[in-house]
Amino acid sequence: MNYQDVAKRWLEGDFDPQTKCQIIELRNNDPAGFEDAFYRSLEFGTGGLRGLMGVGTNRMNKYTVGMATQGLANYIKAHVQGDDLRVCISFDSRNNSKLFARITADVLSANGLHVFLFDNIRPTPELSYAIRAKKAVAGVMVTASHNPKEYNGYKVFWSDGGQITSPVDKEIVAEVAKITDPSQVKFKAVDECGEIEVMGKEIDEAYLRDILSLTLSPEACARHKDLKFVYTPLHGCGVRLVPECLRRLGFENVYHVPEQDISDGNFPTVVSPNPEEPAAMKMALEVADREHADVVMATDPDADRLGIAVRDDAGKMVQFNGNQTASMLTYYILTRWKEEGRLDASKYVVKTIVTTELIREIAASFGVKCHDVLTGFKYIAEVVGRNEGSGEFICGGEESFGFNVGEFVRDKDAQVTAAMVAECAAWAADQGLTLYSLMQRIYAEYGYRKEALTSLVRKGKSGAEEIQAIMAGLRDNPPSSLAGSPVVKVIDYLEPEKTGQPKSNVLQFFSEAGDVVSVRPSGTEPKIKFYFGAKGNNADEKIEVLRNQFVNI
């Protein structure tokens, strides 16, 4: 339908007065925004919903959230057997997250499902843990991760604690697509409704107990309890548990950024609440210099990603990228497992295809298998689920600051990652090393690496066509060399019969020198991403050569 007709249906339909007033105001004051709000429906994709908040079919609001939840409820009732079908719900500190979580709980309950709802903001990984602890069939996390403040989202998890994957994801998408009008949604409880049960401290305690049971160097933590850490949740929900993890490990000097401990969906002290962005750590780095801290840690709003900064040999704070943190922790954990005699052929690590090949080389040196998966931590969780009972997951990571250890949580987890970074710092200190010098030792052993990510934003229909043309051009005329080294392997993930992976619009080019370039369109934003990885003493220079070679195509 024409967007004007869709808006008219909302103005004349059974929508609340406030929504109708906002529609009229948007129509009168922002014609372009008005069209964008109604020209299509917000897509429920294979991971759930994510979009701008506001009125309209193309926005996150109580009606679009309700419709998505009704579709999810219909799918569960049609495909899952049992009299006690349970769903867990959590939410972060974003604006409207609590409201959307409550609407989700009400709709699921009205459909006869038993709902476990957290009493306040909780991290995404704790939701993953709660699903397994409560033997739930599904879970919903209300968050837009590290997106700007104007966004919110809705991630769907399945009974294994991981985000939904094929075929369940596509089947749920199909059910949600059948809900075309809010009148189809059971917003209010009916006689046969289920229950809404509040979760809180009991899950916190169980979650902390289990993830801290993965500790590998408690004696080192005790010896170096005076190490100094600065932590910031960037106004998100990590403030509830990350400092507690460090305290329970025995560390006595954990400094905060008080202004950023405040849970606030407007994220008032940062441009972007994303630890991948260097500017997000600015205030924490100032505290670190004032307190002479050793390590800075920052988590995103739903506390599943962790960024760190460490002191270099000159005493200056430098920020690690996600590849460095994941590589360092993989090296540390495998070293400790080997020392404890825990490594054998059944143990494995996992990384995404766009994450550094250094992790594979580290794993191989310890005789441990390294699985590659498509971009997205849900695919790491899928490997863990598939190997449950026949192998043991040690750890896994992705370049976008996601990492996890052990099988209690089936998603990336900033809480356990922070604990591992802290104890790794203590273990390194036992050897007279800082985290920075430990990373240099890893480079000395396996070869220096440099990684970089460059994104080209191309908005609108013409932008989407340009992105398609770039991918088509690279398929038709792949590069013969990378930074002067011959290309020896090309992987096209549109060919699942060759890759063993689900079909995905991703290309990878590998050179004889060990350099790699991965190219893929973003699944959530109007951009195409170029992941560059260079190996060798001149890796810094090669990154710029690669950037010029690809981004200027």
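Before rounding to the nearest 500, sum -39500 (n - 2.57) across all DSSP H runs of length at least 4 in the chain and divide by the residue total; then give [θ] at 222 nm in deg cm²/dmol.
Per the formula, -12000 deg cm²/dmol.
What distance in nm separates the simple spin-label points at Glu259 and Lys188, each placed 7 Å from Cα in the Cβ direction?
About 4.6 nm separates the two model spin labels.
For the range 70-99 and the range 327-388, what is the separation of their Cα centres, given in Å?
Result: 32 Å between the Cα centres.
Kindly provide the GluC sites (Glu not before Pro) of the range 324-433 that DSSP labels as loop, not H, G, I, E or B, and whose Cβ sees at most 14 other Cβ atoms within 10 Å.
Glu340
Residue by residue, what Karplus-based ³J(HN,Hα) values in Hz, rounded to whole numbers, does the range 244-253 have, using 6.51, -1.76 and 1.60 with θ = phi - 60° and x for Gly and Pro?
Here the 3J(HN,Hα) series is 5, 4, 5, 5, 5, 6, x, 6, 9, 10 Hz.
Remind me, what semi-axes does the range 363-518 give for its equivalent ellipsoid, largest first in whole Å, using sqrt of 5 times each Cα gyration tensor eigenvalue?
The answer is 32, 22, 17 Å, longest axis first.
Which trypsin sites (Lys or Arg not before Pro) in the range 454-538 sit in a loop by DSSP (not H, G, I, E or B) and have at most 16 other Cβ atoms within 10 Å of their own Cβ?
When the trypsin sites (Lys or Arg not before Pro) of the range 454-538 are filtered for loop state and at most 16 Cβ neighbours within 10 Å, Lys459, Lys503 remain.
At Ala177 and Glu544, where each label point lies 7 Å from the Cα along Cα→Cβ, what is the point-to-point distance in nanometres?
For Ala177 paired with Glu544, the spin-label model returns 4.8 nm.
Need one number: nm distance between label points at Val198 and Ser481, each 7 Å from Cα along Cα→Cβ, rounded to one decimal.
6.7 nm
Note down the magnitude of the dipole of the chain about its Cα centre, charges +1 on Lys and Arg C-beta and -1 on Asp and Glu C-beta and zero elsewhere, to the nearest 20 debye.
It comes to approximately 560 debye.
Residue separation times 0.36 nm, minus the C-alpha to C-alpha distance between Val168 and Tyr448: what's the value?
Result: 96.7 nm gained on full extension.
Sorting His256, His79, His224, His292 by accessible area (1.4 Å probe), largest first, what list results?
His292, His79, His256, His224
Take the Cα radius of gyration of the chain and divide it by 2.2 N^0.38 Å, with N its residue count; two decimals is plenty.
0.98
Any chance you could get the radius of gyration and Dmax over the Cα atoms of the range 29-97, in Å?
Cα-based Rg and Dmax for the range 29-97 come out at 14.9, 51 Å.
Over the Cα atoms of the range 399-463, what radius of gyration and what Dmax do you get, in Å?
Calculated on Cα positions, Rg and Dmax stand at 17.4, 57 Å.
Tell me whether the range 320-422 comes out rounded, prolate or oblate; compute the Cα gyration tensor, take square roots of the eigenvalues as a ≥ b ≥ c, and use a/c under 1.5 as the rounded threshold.
Rounded, since a/c falls under 1.5.
I'd like the carbon and sulfur percentage of the solvent accessible area for the range 264-413, probe radius 1.4 Å, heavy atoms only, ligands and nucleic acids excluded.
Result for the range 264-413: 47 percent of the exposed heavy-atom area is carbon or sulfur.
Please list the radius of gyration and Dmax for the range 243-384, considering alpha-carbon atoms only, with Å as the unit.
17.3, 49
If you count only protein heavy atoms with a 1.4 Å probe, what accessible area per residue comes out for the range 486-553, rounded to a whole Å²?
Normalised by residue count, the accessible surface of the range 486-553 is 48 Å².
Ranked from the most accessible area to the least, with a 1.4 Å probe and all protein chains present, what is the order of Ile24, Ile203?
Result of the area sort, largest leading: Ile24, Ile203.
With a Förster radius of 41 Å, plug the Cβ-Cβ distance of Lys369 and Tyr39 into 1/(1 + (r/R0)^6) and report the FRET value to the nearest 0.05.
Taking R0 as 41 Å, the efficiency between Lys369 and Tyr39 is 0.30.
With no solvent and one point on each alpha carbon, what is the Debye value of log10 I(q)/I(0) for the range 130-207 at q = 0.17, 0.18, 0.19 Å⁻¹?
Here the Debye-derived log intensity ratios amount to -1.02, -1.12, -1.20.
A 19 angstrom limit on the alpha carbon distance is what I want to check against. Which of Lys134/Lys178; Lys178/Lys461; Lys450/Lys542; Lys8/Lys186; Lys338/Lys369; Lys378/Lys503 exceed it?
Violating the 19 Å limit, Cα to Cα: Lys134/Lys178; Lys178/Lys461; Lys8/Lys186.
The values are calculated or read from the model by the stated rules, or taken from the named source; none is laboratory data. Predicted model only: the values in this text are computed from it and were never measured. Don't worry about glycine lacking a Cβ; one is built from the backbone with ideal geometry, like all the others, and counts go over all protein chains shown. To get the accessible areas, we keep the full protein, side chains included, count just its heavy atoms, and leave off ligands, DNA and RNA. Shrake-Rupley method; radii C 1.70, N 1.55, O 1.52, S 1.80 Å.
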